Amino acid sequence: MIRSGRKRHWSRWLYRIQWLLLTVIALAVVAVRLGLLHYMMAIEVFKYAGLATLAVALISILVFIWGLVKRHPEARSAALWAAVLGAIPVAVPLFVVGEHNFRAPPIHDISTDLQDPPVFEAILSLRGPDDNSPDYGGDKVASQQRNSPLYQDIQPLTLNITVAEATELAAEVAQKLGWRVVAKSPNQGRLEAVARTPVLGFTEDVVVRVKKEGGSVKVDVRSASRARTFDLGSNGERIRTFLREMHRRAERR
């Protein structure tokens, strides 16, 4: 028996190609999180797949206009879906990273104390030979953070509690934020933890130092990417979120 029916328009391949490209990007994300793909290779995948989705989206806009002129509903629908899907590789990074963080200086180590940054100790055993140096980059890194408008609010936190109480509070906040606490010393005022970025799961190390200053304590935080050389503001955002939560919880005591 011969089936009759209208032949489907070729424009449906536009959104099929977009789904294919988005699948490639998603697989690259999973591969990075599982350690199967180096992040630099993933960035190349994101770049070329993202450019391809934008190119298909531009073609889709032209097809959509043609569909309006020719009154072709199937072409209009397919082209519209393809154009919407093409916006995802742009919209997701802007939502996750934030447009302002794309203007961050090319550094990966942020501290509330630029003269005497807290040092990593316990975390050193977790770092590999190919990771970034745990040593602070000195004046070069400090001047880039100091001169960036993005980091002007990264300052130490002063609390009217004891060193031990502040350290315990820091541990509570770290666990709430999903960090893995590696070392905690309430009497010495030290906390070290490991955090991961939300999408690609980049490892970033954190050290919290609490010092007594008069009748209060000063809390300094340093967050540094273990592998990346450019963090897109993630370390600064982590410190910002951590100190904000510490301050909020301390006020409720």
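The values are calculated or read from the model by the stated rules, or taken from the named source; none is laboratory data. These numbers come from a predicted model, not from an experiment. No Cβ is skipped: glycine too gets one built from the backbone with ideal geometry, and neighbour counts run over all protein chains shown. All accessible areas refer to the heavy atoms of the entire protein, side chains included, with ligands and DNA or RNA removed. Shrake-Rupley method; radii C 1.70, N 1.55, O 1.52, S 1.80 Å.
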Exercise for the section: Provide the gained length on full extension for the span Arg249 to Ala26, in nm with one decimal, where the gain is 0.36 nm per separating residue minus the Cα-Cα distance. Expected result: 76.6 nm
Problem - Proximal aspartates and glutamates to Lys212, defined as alpha-carbon separation beneath 12 angstrom and excluding residues fewer than eight positions away on the same chain - result: Glu165, Asp220
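Give the carbon-plus-sulfur fraction of the accessible surface of the range 138-215 in %, rounded to a whole number; probe 1.4 Å, heavy atoms of protein chains only. Don't skip to the answer; put the middle values down first.
On the way: 1890 of 3920 Å².
Accessible surface attributable to carbon and sulfur in the range 138-215 totals 48 percent.
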Problem - Asp113 long-range amide H proximity, modeled H, under 5 Å - result: Val221
Fill in the blank from the handout: Extension length gain for Leu62 and Ala87 (0.36 nm per residue less Cα distance), in nm, is 7.5 nm
Completion exercise
From the cross-link list Lys176/Lys218; Lys140/Lys218; Lys140/Lys176, the entries with a Cα-Cα span beyond 30 Å are Lys140/Lys176
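Name the trypsin sites (Lys or Arg not before Pro) in the range 23-109 that are in a loop by DSSP and that have at most 16 other C-beta atoms within 10 Å, would you?
Within the range 23-109, the qualifying trypsin sites (Lys or Arg not before Pro) (loop, at most 16 other Cβ atoms within 10 Å) are Arg71.
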Practice task
State the label only: which of (1) 17.2, 60; (2) 18.6, 66; (3) 24.3, 93 corresponds to Rg and Dmax of the Cα atoms in Å computed from the shown model?
Solution key: (3)
Practice task
Would you look at the GNM of the chain, springs on alpha carbons closer than 10 Å, and say which of Leu243, Leu200, Leu126 moves the most?
Solution key: Leu126
Problem - Qualifying trypsin sites (Lys or Arg not before Pro) for the range 140-223 [loop in DSSP, other Cβ within 10 Å: at most 11] - result: none
Problem - Apportionment of accessible area to carbon and sulfur, the range 1-90, percent (1.4 Å) - result: 73
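Given a Förster radius of 30 Å and the C-beta distance between Asn147 and Thr241 as r, what FRET efficiency does 1/(1 + (r/R0)^6) yield to the nearest 0.05?
After rounding, the FRET efficiency stands at 0.85.
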Practice task
Collect residues whose amide H, placed 1.01 Å from N in the peptide plane, falls under 5 Å from the amide H of Val182; neighbours closer than 5 in sequence don't count.
Solution key: Glu192, Ala193, Val194
Problem - Computed over the range 106-216: relative contact order in percent, which uses C-alpha pairs under 8 Å that are six or more apart - result: 24
Fill in the blank from the handout: Per GNM of the chain with C-alpha springs under 10 angstrom, the most fluctuating residue out of Ser111, Ser133, Ser225 is Ser133
Practice task
Take each uninterrupted DSSP H stretch in the chain, measure its Cα extent along the helix axis, and return the ones at 18 Å or beyond whose mean Kyte-Doolittle hydropathy is at least -1.0.
Solution key: 12-33, 39-70, 73-86, 163-176
Fill in the blank from the handout: Phi-derived 3J(HN,Hα) across the range 151-160 with the Karplus relation (6.51, -1.76, 1.60, θ = phi - 60°), rounded Hz, x for Gly and Pro, is 10, 5, 8, 7, 10, x, 10, 9, 10, 9
Handout entry: Hz values of 3J(HN,Hα) by residue in the range 122-133 - Karplus curve (6.51, -1.76, 1.60), Gly and Pro given as x
Key = 4, 6, 4, 5, 8, 8, x, x, 8, 6, 4, 5
Exercise for the section: Can you tell me the relative contact order of the chain? Whole percent, Cα pairs under 8 Å, sequence separation 6 or more. Expected result: 19
Completion exercise
Expressed per residue, the solvent accessible area of the chain in Å² (1.4 Å probe) is about 57
Practice task
Please identify every one of the chymotrypsin sites (Phe, Trp or Tyr not before Pro) in the range 185-244 that sits in a loop by DSSP and has no more than 16 other beta carbons within 10 Å of its own beta carbon.
Solution key: Phe230
Practice task
Report the calculated FRET efficiency for Leu36 and Leu177 (r = Cβ-Cβ distance, R0 = 22 Å), to the nearest 0.05.
Solution key: 0.25
Exercise for the section: Mind jotting down the distance between the C-alpha centroids of the range 42-63 and the range 211-253, whole Å? Expected result: 38
